[in-house]
Amino acid sequence: ITESRTDSGLSVVVDRVPGAPVVAVYLWIGVGAADEGPEEQGAAHFVEHMLFKGTERFNVGDVASVVEGLGGDMNAYTSHDQTVYHATVLAEHWTQALEVLADMAQNSRFLDEEIERERGVILEEIRGDAEDPDRTLSDAISAKMYRDHPYGRPVIGSRKSVSSMAGNRIRAFWKRWYVPGNMTLS
């Protein structure tokens, strides 16, 4: 395993496996729900969704399609402490997967109509979570255990916070946290 840091501050961790038929590329962002201010609850998760909604290079819907077109798979998740984007592709396509992830992190467009469309998707997720007994219990336990700590809030945000979060706040959150010094590429 090799570790290095670029001049821009990006951490790079590589674990080479000679002869492996596939490569997994991860982009870890050092931001999650615990980093959100009271008026930003759900912003980290919202940004995660928005990075799949087009960049200067890729149209809406094309980001994941490019990786899938290479025979790969792409996804992301947000926790209280980090947001992670990952792609698994055939070994010969690792540079294309890396290019897609880099473009998403740096050049996402955050179009107003896509923000509104994704707001509806996230609100539907919140509704689904409210109907899931396991999720409801987990959220109730976290709220009780962590009381005033950010771990006591759902990563996804609340219906109220997601409904009222302005597009410019979502964009500002992305610009503040999605900087090379707060990212690890592996």
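State whether one or more residues within the range 26-43 are charged (D, E, K, R) and touching a strand residue (DSSP E or B) at 6+ places or on another chain (Cβ under 8 Å). No - not one qualifying residue is present in the range 26-43.
Determine if the range 164-186 includes at least one residue that is touching a Pro at 6+ places or on another chain (Cβ under 9 Å), open to solvent by less than 70 Å² (accessible area, probe 1.4 Å) and more than 30 Å from residue 99 (Cβ to Cβ). Spell out the reasoning first.
Step one: of the range 164-186, the residues touching a Pro at 6+ places or on another chain (Cβ under 9 Å) are none.
Scanning the range 164-186, I find no residue that is touching a Pro at 6+ places or on another chain (Cβ under 9 Å), open to solvent by less than 70 Å² (accessible area, probe 1.4 Å) and more than 30 Å from residue 99 (Cβ to Cβ), so the answer is no.
Would you tally the residues in the range 41-56 being farther than 18 Å from residue 123 by Cα and open to solvent by less than 60 Å² (accessible area, probe 1.4 Å)? Residues meeting the conditions: 2.
For the range 62-84, give me each residue that is within 22 Å of residue 45 (Cα to Cα), without any contact (Cβ under 8 Å) to a residue 40 or more places away in the chain and open to solvent by 50 Å² or more (accessible area, probe 1.4 Å). Spell out how you get there, then give the answer.
Looking only at the range 62-84, we keep the residues that are within 22 Å of residue 45 (Cα to Cα), and these are 62-65, 67, 73-84.
Within this subset, residues satisfying the condition of being without any contact (Cβ under 8 Å) to a residue 40 or more places away in the chain are 62, 64-65, 67, 73-77.
Those that are within 22 Å of residue 45 (Cα to Cα), without any contact (Cβ under 8 Å) to a residue 40 or more places away in the chain and open to solvent by 50 Å² or more (accessible area, probe 1.4 Å): 62, 65, 73, 75, 77.
In the set (1) part of a helix (DSSP H, G or I); (2) at pLDDT 95 or above; (3) open to solvent by less than 50 Å² (accessible area, probe 1.4 Å), residue 116 fails one condition alone, (3). Restricting 96, 106 to those that are assigned to a helix (DSSP H, G or I) and either open to solvent by less than 30 Å² (accessible area, probe 1.4 Å) or in contact (Cβ under 8 Å) with a residue 40 or more places away in the chain (or both) reduces the list to 106.
Matching residues to (1) under 21 Å from residue 71 (Cβ atoms); (2) not in a loop (DSSP other than H, G, I, E, B):
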{"position": "4", "(1), (2)": "no, yes"}
{"position": "12", "(1), (2)": "no, yes"}
{"position": "19", "(1), (2)": "yes, no"}
{"position": "23", "(1), (2)": "yes, yes"}
{"position": "31", "(1), (2)": "no, no"}
{"position": "45", "(1), (2)": "no, yes"}
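For the range 152-163, the candidate set comprises residues that are of a type outside the set (Val, Ile, Thr) and not in a loop (DSSP other than H, G, I, E, B); within that set, the residue that is surrounded by the fewest Cβ atoms within 10 Å (Cβ to Cβ) is 160. The requirement of being more than 24 Å from residue 177 (Cα to Cα) and at pLDDT 95 or above is fulfilled somewhere in the range 22-31, by at least one residue. Being surrounded by 13 or more Cβ atoms within 10 Å (Cβ to Cβ) and in contact with a Gly (Cβ under 8 Å, 6 or more places away or on another chain) is true of residue 87. Among the conditions (1) under 20 Å from residue 178 (Cα atoms); (2) surrounded by fewer than 20 Cβ atoms within 10 Å (Cβ to Cβ); (3) at pLDDT below 95, residue 59 misses just one, which is (1).
Keeping to the range 125-151, report how many residues are open to solvent by 90 Å² or more (accessible area, probe 1.4 Å), within 21 Å of residue 43 (Cβ to Cβ) and among the acidic types (Asp, Glu).
Going through the range 125-151 one residue at a time, the tally reaches 1.
The values are calculated or read from the model by the stated rules, or taken from the named source; none is laboratory data. Nothing here was measured: the structure is a model prediction, and the numbers come from that model. Every residue, glycine as well, gets a Cβ built from its backbone with ideal geometry; the counts of neighbours run over all protein chains shown. Calculation scope for accessible area: heavy atoms of the full protein, side chains included, ligands and nucleic acids excluded. Shrake-Rupley method; radii C 1.70, N 1.55, O 1.52, S 1.80 Å.
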